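Q: I have a structure I would like to understand better, so I am pasting it below and will then ask my questions one at a time.
The values are calculated or read from the model by the stated rules, or taken from the named source; none is laboratory data. Everything numeric here is computed off the predicted structure, so don't read it as measured data. Cβ sites come from the backbone with ideal geometry, for glycine too, and all protein chains shown count toward neighbours.
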Amino acid sequence: MENLSELEEIIGYKFKDIELLKLALTHTSYSNENKGQRHKNNERLEFLGDSVLGLVVSRYIFENYPYLPEGKLTRIRASVVCERSLWACAASIQLGKFMILGKGEEYSGGRNRMSILADAYEAVIAAIYLDGGYDIAREWILSQVHETIVRNVDGNHLKDFKTELQEFIQAQGREKIEYRVVAENGPDHKKNFLVEVTIDGKVYGFGEGNSKKNAEQHAAQRAMATIRVAGV
């Protein structure tokens with residue numbers, strides 16, 4: 001439960017029923033290895049979370065981009081709720097650290113497996129929805145995926161956000177910007193990277209992409225968004 005308190009702090013939500021969060025983090029490999037626990041895993045929550053996520057994203061882009069045709073809305077939603085995008089969101093809140101896995105999955109690197117983290121992320125969404133209601137879940141989801149939505153609405157064309165961030169920080173008299181790969185997944189010919197950007201040792205954003213360069217650009221973009229919102 002102490003570990004779960006740490007996760008609550010990271011995600012910015014305090015559960016009334018902490019068992020919901022625990023269930024969201026329990027993979028089938030653990031329930032299958034423990035007698036009497038076969039039905040106590042996150043699969044049902046994942047099913048619900050997928051629907052909640054889809055509804056929140058669909059409604060948001062429907063209401064905020066009235067000029068976009070149905071086909072474009074569908075493509076944007078698919079890009080936001082795809083496994084790779086959810087994996088990046090999960091990694092950004094360190095979800096793998098808190099997963100409850102079976103021994104076999106633990107030893108085979110399950111804490112960093114894209115499919116496991118993406119599914120668990122949807123389960124966490126469902127847990128927040130059941131614990132706090134739709135409005136709270138919607139607010140939390142949008143805080144996580146808003147930048148991805150904007151990026152896809154803009155056609156996924158990357159500006160040179162790294163240069164923009166560097167110039168902004170230098171103008172403030174701050175100098176030390178670092179980019180670090182915190183997770184990677186997929187076969188060698190189709191890698192996905194998650195990168196964090198820190199300014200003077202503090203994390204300001206995460207980004208994902210099919211190359212380290214693209215991931216760094218996305219991380220810089222999110223860092224600029226964080227700076228604008230927080231005014232730092």
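Q: List the helices (runs of 4 or more DSSP H) inside the range 59-158, counting only whole elements, that have at least 1 residues being surrounded by fewer than 21 Cβ atoms within 10 Å (Cβ to Cβ) and either among the basic types (Lys, Arg) or outside the structural domain of Leu20 (by TED's automatic domain parsing) (or both).
A: Details: elements: 70-81, 83-92, 103-107, 114-132, 134-153.
Correct list: 70-81, 83-92, 103-107, 134-153.
Q: Also, I was wondering about something else. Give me the pairs: first residue in the range 131-154 and among the small types (Gly, Ala, Ser), second residue not in a helix (DSSP H, G or I), beta-carbon distance under 9 Å, and six or more apart or on different chains, which are they?
A: Here the result reads Gly132/Tyr13; Gly132/Phe15; Gly132/Lys16; Ser143/Gly12, each pair linking the range 131-154 to a residue that is not in a helix (DSSP H, G or I).
Q: Also, I was wondering about something else. Answer yes or no as to whether Glu9 is among the charged types (D, E, K, R), within 20 Å of the chain's Cα centre (by Cα), on the phi < 0 side of the Ramachandran plot and crowded, with 19+ Cβ neighbours inside 10 Å. Don't jump to the end; show me each part of the working.
A: On the way: among the charged types (D, E, K, R): yes; within 20 Å of the chain's Cα centre (by Cα): yes; on the phi < 0 side of the Ramachandran plot: yes; crowded, with 19+ Cβ neighbours inside 10 Å: no.
Spelling it out, it is not the case that Glu9 is among the charged types (D, E, K, R), within 20 Å of the chain's Cα centre (by Cα), on the phi < 0 side of the Ramachandran plot and crowded, with 19+ Cβ neighbours inside 10 Å.
Q: Could I ask something else about it? Restricting attention to the range 45-53, does a residue exist that is touching a Lys or Arg at 6+ places or on another chain (Cβ under 6 Å) and either over 26 Å from Val195 (Cα atoms) or at pLDDT below 95 (or both)?
A: Residues of the range 45-53 touching a Lys or Arg at 6+ places or on another chain (Cβ under 6 Å): none.
No, the range 45-53 has no match at all.
Here is a yes/no grid of residues against (1) under 27 Å from Lys72 (Cα atoms); (2) not hydrophobic (A, V, I, L, M, F, W, C):
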residue: Leu86; (1), (2): yes, no
residue: Phe98; (1), (2): no, no
residue: Lys103; (1), (2): no, yes
residue: Asn112; (1), (2): no, yes
residue: Asp160; (1), (2): yes, yes
residue: Thr163; (1), (2): no, yes
residue: Gln170; (1), (2): no, yes
residue: Ala183; (1), (2): no, no
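Q: Quickly run through the range 4-20 and pick out the residues that are free of Cβ contacts under 8 Å to residues at least 60 places away in the same chain and assigned to a helix (DSSP H, G or I). Steps first, answer last, please.
A: Our first condition is that a residue be free of Cβ contacts under 8 Å to residues at least 60 places away in the same chain; within the range 4-20, this holds for 5, 8-9, 14, 18-19.
Passing the criteria: Ser5, Glu8, Glu9, Ile18, Glu19.
Q: Could you please give the count of residues in the range 57-76 that are within 21 Å of Ile128 (Cα to Cα) and over 15 Å from the mean Cα position of the chain (by Cα)?
A: Start the filter on the range 57-76 by keeping residues that are within 21 Å of Ile128 (Cα to Cα), which leaves 57-60.
Those left that are additionally over 15 Å from the mean Cα position of the chain (by Cα): 58-60.
Total satisfying the criteria: 3.
Q: Right, here's the next one. Just the residues that are in a helix (DSSP H, G or I) and either surrounded by 11 or more Cβ atoms within 10 Å (Cβ to Cβ) or acidic (Asp, Glu) (or both), please, taken from the range 163-206. If you could, list the steps in order and put the result at the bottom.
A: Quick first cut of the range 163-206, residues in a helix (DSSP H, G or I) only: 163-171, 188-190.
Scanning the range 163-206 gives Thr163, Glu164, Leu165, Gln166, Glu167, Phe168, Ile169, Gln170, Asp188.
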